[in-house]
Amino acid sequence: MNISYRKAQKEDADLLIQIYNAAFYDDYIRYGECPAYGRTRERMEESLKKYPKDIIYYDDIAVGVISVEDKGNGEYYLGCLCIIPPYQGKGLGTQAIDYLLGSHPDWNKITLITPIDKEENVSFYTKKCGFKIDGSQIDGNVRLAHFVMERT
């Protein structure tokens, strides 16, 4: 298993859309909405400017994306970590979190949100990655959990 990461460029917008659509299709069906699903090229290009993205490759196949926003002072927001369904459960997400920590050695705090009723996400972030839930909010018809990991 060869895992690698590559910084996404504007020219990667169509590839990013394909990955997001494959990874977030079930959320779109489940909730009737999903901000990561069905993006236009223009929206993806705008997102790339604000939220740097790395494309995750598994044996030279683009299978996921990790997107991290630098909030300053060692705080980062994990805006997206997605793996397309056929490649989930292979340790790629856990390795992507390790990649995030290693590529941002100044990190003190990392935050993210995900639907609280997605038990697989909650378990992944809390049990496999060491995040803690520190609150929740309603966004449309979805209850989101706020996760945090702080360096001790």
Those residues of the stretch 44-87 which are under 22 Å from Thr111 (Cα atoms), open to solvent by 50 Å² or more (accessible area, probe 1.4 Å) and not in a helix (DSSP H, G or I), in sequence order
Tyr51, Pro52, Asp70, Lys71, Asn73, Glu75, Tyr77
Which condition breaks for Ile29 when tested against (1) over 14 Å from the mean Cα position of the chain (by Cα); (2) part of a strand (DSSP E or B); (3) surrounded by fewer than 16 Cβ atoms within 10 Å (Cβ to Cβ)?
(2)
Hey, can you tell me all the residues within the stretch 1-26 that are under 27 Å from Val142 (Cα atoms) and within 14 Å of the chain's Cα centre (by Cα)?
Leu16, Ile17, Ile19, Tyr20, Asn21, Ala22, Ala23, Phe24
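Condition check ((1) over 20 Å from Tyr20 (Cα atoms); (2) modelled with pLDDT under 95) across all residues:
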position	(1), (2)
Gln88	no, yes
Asp98	yes, no
Thr126	yes, no
Phe131	yes, no
Gln137	yes, yes
Restricting attention to the stretch 111-132, the residues that are of a type outside the set (Asp, Glu), open to solvent by less than 80 Å² (accessible area, probe 1.4 Å) and either farther than 19 Å from Ala36 by Cβ or in a loop (DSSP other than H, G, I, E, B) (or both) number exactly 7
Being open to solvent by 60 Å² or more (accessible area, probe 1.4 Å) and under 15 Å from the mean Cα position of the chain (by Cα) is the filter here, so list the residues in the stretch 90-110 that pass it.
Gln95, Asp98, Tyr99
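The values are calculated or read from the model by the stated rules, or taken from the named source; none is laboratory data. It should be emphasised that the depicted structure is a prediction, and the values quoted were computed from it without experimental measurement. Cβ: placed from backbone, ideal geometry, glycine included. Neighbour counts: every protein chain shown. Quick note on the areas: whole protein, heavy atoms, side chains included, nothing else; ligands and nucleic acids left out. Shrake-Rupley method; radii C 1.70, N 1.55, O 1.52, S 1.80 Å.
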